[in-house]
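First the structure, in the form of structure tokens, and then the observations on it.
What follows is calculated from the coordinates using simple rules that are stated; it is not laboratory data. All figures in this text were calculated on a predicted structure; none of them were measured in a lab. Here the Cβ positions follow ideal geometry from the backbone for every residue, glycine too, while neighbour counts run over all protein chains shown.
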Amino acid sequence: MAVVRGWETDADENIFEQNLKIKFYISSGSTSPSSHNGDEADPVKIVDSAHLPVHTPTIKRKEYHSRILFPTKNKNHRFFLTSFTAPTKCHQCTSLMVGLIRQGCICDACGFSCHTACVEKAPRVCPVPFQQKKGALCLDSQEGMGTAYEGHVWIPKQTGVEKGWQRALAIVCDFKLFLYDMDEEEDSKPNVVVSQVIDMRDRAFSVSSVWSSDFIPGKKKETVHMFKVTASQLSAPSNRYSIPILADSENEKSEWMRVLSELHKLLGKRHSRDRTVYVLKEAYDSSLPLIKTTQTAVIIDHKRIALGNEEGLFVVHVTMDEIIRVGDMKKIHQIELIPHGQMVAVISGRSHQVQLFPMSAFDGRKTDVHKLAETKGCQTMTSGTVCQGAHTCLCVARKSHVFCYELFQSKKISHRKFKELQIPTNVQWMAIFSEQLCVGFQSGFLRYPLRREGIPYRMLHTHDPTLSFIVHQPVDALCAIEISSIEYLLCFKSIGIYTDSRGLRSRPVELMWPATPTFCRYNAPYLSVYSENAVDIFDVNSMEWIQTVPLKKVRPLNSEGSLNIILLETIRLIYFKNKMTNGDELVFPEPSDDRQKQMVRHLNSKRHYSFRVPKGKGLPPKRL
């Protein structure tokens, strides 16, 4: 067994990072290393000032003879990459520069601000002549890009409309309605974190007046200033997400309704492509008591799911309403299916210890449980194969240590620890891909070889100054994604960064989060980013933000993000169905509103239950 320690920074690298002026280059044409062409135009030159609190490289433009040259008395822009602290629109395309940090560039001479991707399209003269400036509201109806309308409104507080109203900045941009929370003071500025996003491409989108019967009764004079925006939430027609919005006057309410309605009609005339990926369905009856305390879940096959909660591990047959309790474990924190070895691993109990058992236990068979003694106190685990599938591995993280085991399944489960890793700080995320263990920790990711001994590979190279801001502003790691054999996406709590196999930046543009993420889940090629009020879906190849699911207090239960729990007044188990795949990963039972159903134990088995209405407790007759 080998113990491998993380990278240690040498003296030369410390000197390198302390230089106040660092020159480097990024490509302005290609968005992916696989599309690089040697005949492209010269790269854009960037100078970074490493001592600044927010790194702001200056983009110095080069003149190309194929373009119109302006009089020499006019100078070129000096763009600085910066972090805006309030919602800011791009002066070039007029779209919002969405993100938590490093949202775009600003010219330190004239104040022209734009997306990093819009720098090459911006007018070359500084300051920009008046006739070349775009208005604050300028929508490209063909591309669907730009800002169409904005203003201040009031939206319900997080605790509900009955508790009062929250002042908000509303911006209609890129056929989405963005809402930013604000303090009630008149001179206050909204935060860059988006409170809510409603996509007007949603087939259920509508805008209408509010009647006093629609919401918790309020003052009558408020109702005439209110309108509501509706979008789909679940696939069932009765499940719609509506948000009441209060305008400052009846005229403002009418103007908001007119703008939103006309833009929605414009979308209908354009026959815009439905870009949504996920349709939400209820995975099982929300009245099942087990769902209320579920912490983790996995899909076993298209008719069975496993739920882990405070009471233990349970298998639910979704079409037969049959439930099996597996073993005597309590407090299930994580379930990991290991199909290659026909095994299941769970982290359970107050001690957070890993236990292994064969998959046959899911059928109700009595099986032996194999415990990994040294894993007490662990926080996460991941499994995979090495040597082209010949060996099954399980890696378990306990604080800043990772234990790597080879698993064997014959008559009984056994294991062999073949490696122990020392991570620079506490492990926040792990996964196995390409026969390497990828570990995420605060401000970094490392790839450890599993088949052989050797030092780990940095996924963020210290000699790339365009990435140094991650180290200078410590941020939690959420996940890493293997885009290809030569490119990775590293997701941090503030931003997503593309790097190559050497740990150098592979794309000049970064992935921006609309709100502060709580979780990330990946189901190729779609990344689901969870925040307090929504789940945002990104295509990791094109970097497009393609869908927003307006669900509050939703948490993923499995590694792909297909099973989720909504922690609202009615706790629900939700399945994200991918419309792009053929067939269903899970069969969906008919929804039931029968609140009399209970878990009834079988007479001949203490571990088998039926979820049904007990005999003698049928529905009361309907009143005439």
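With the simple model of a label 7 Å out from the Cα in the direction of the Cβ, Asn578 to Thr518 spans 2.4 nm.
Quick one: Thr230, Thr319, fewest Cβ neighbours within 10 Å first, how do they rank?
On the way: Thr230 16, Thr319 12.
Sorted ascending by nearby Cβ count, the order is Thr319, Thr230.
Under 5 Å from the amide H of Glu311 lie the amide H atoms of Lys331, each residue being 5 or more positions distant or on a separate chain, with H modelled from the backbone and absent for Pro and chain starts. For the pair region 283-302 and region 326-363, the centres of their Cα atoms are 16 angstrom apart. Across region 360-376, computed HN-Hα scalar couplings (Karplus, 6.51 cos²θ - 1.76 cosθ + 1.60, θ = phi - 60°) run 4, 5, 5, 8, x, 6, 7, 9, 7, 10, 10, 9, 9, 4, 7, 8, 4 Hz from first to last residue, x flagging Gly and Pro.
How do Lys253, Lys371 line up, fewest other C-beta atoms within 10 Å first? Spell out each step's value before the answer.
Values: Lys253 20, Lys371 13.
Fewest to most other Cβ atoms nearby, the residues stand as Lys371, Lys253.
Order of Trp513, Trp211 from fewest to most other C-beta atoms within 10 Å? Let's see the in-between values first.
Details: Trp513 26, Trp211 10.
Starting with the residue having the fewest Cβ neighbours, the order is Trp211, Trp513.
In this structure, the pairs whose alpha-carbon distance is over 20 Å, taken from Lys228/Lys253; Lys75/Lys121; Lys376/Lys417; Lys331/Lys552; Lys89/Lys269, are Lys331/Lys552; Lys89/Lys269. The modelled label-to-label distance between Glu311 and Asp274, using points 7 Å beyond Cα along the C-beta direction, is 3.8 nm. Taking each residue as 0.36 nm, the span from Arg451 to Ala390 lengthens on full extension beyond its C-alpha to C-alpha distance by 20.8 nm. Simple spin-label estimate for Phe84 and Val509 gives 1.6 nm between the two label positions (7 Å along the Cα-to-Cβ direction from each Cα).
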